[in-house]
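See structure below.
Where a number appears in this text, it was derived from the coordinates with a stated rule and is not lab data. Computed from a predicted structure; not experimentally measured. Here the Cβ positions follow ideal geometry from the backbone for every residue, glycine too, while neighbour counts run over all protein chains shown.
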Ligand code: HEM
């Protein structure tokens, strides 16, 4: 189902607004012990960059995409429950409302995130084998890229 995404990204001020929204969102989310535990050892600066990319995509930033595989890998093994997912969405909706995002626009963003729920809730840990496969795939891609760079 292809959701027609209005360009809410520009409408609400792009990255600078998204940064403020995410700062408030993580303040709220990490005030919950069940959530805080899941972010131990996570590089929050790197995560924030990835989250800006994801929310920009969910707000219909033109030409933006977000790879499903990244979402799945990011949540693999975190055992995120349906309730935790809904509570997190609840926090996002409240923060967006505080930032004066219109209800119908919040609904559009929510609809896009909902299409990714199966990549967030109850994602099994990435097995060792998968990890080895992943590493090998990355090595091959790097090799291909280096070869390409030499030709260029
Ligand atoms: C509700 C909808 C949610 C969305 C849209 C979402 C989105 C994302 C995105 C875009 C990333 C970055 C993936 C990457 O590295 O490229 C991420 C990572 C992460 N998410 Fe979520 N998430 C959601 C719910 C949750 C919940 C409920 C938790 C648990 C508290 C959670 C915990 C994490 C953690 C710990 C990472 C970092 C993984 C790492 O870098 O090791 N997420 N999430």
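Examine segment 93-100 for a residue that is surrounded by fewer than 17 Cβ atoms within 10 Å (Cβ to Cβ) and closer than 21 Å to residue 116 by Cα, and state whether such a residue exists. Among the residues of segment 93-100, at least one is surrounded by fewer than 17 Cβ atoms within 10 Å (Cβ to Cβ) and closer than 21 Å to residue 116 by Cα, which makes the answer yes. Screening residue 49 with (1) more than 26 Å from residue 105 (Cβ to Cβ); (2) surrounded by fewer than 16 Cβ atoms within 10 Å (Cβ to Cβ) gives one miss only, at (1). The criterion of at least 3 residues that are within 21 Å of residue 8 (Cβ to Cβ) and either within 8 Å of the ligand (Cβ to nearest atom) or under 16 Å from the mean Cα position of the chain (by Cα) (or both) is met by the following helices (runs of 4 or more DSSP H) wholly inside segment 26-130: 44-58, 82-98, 103-114.
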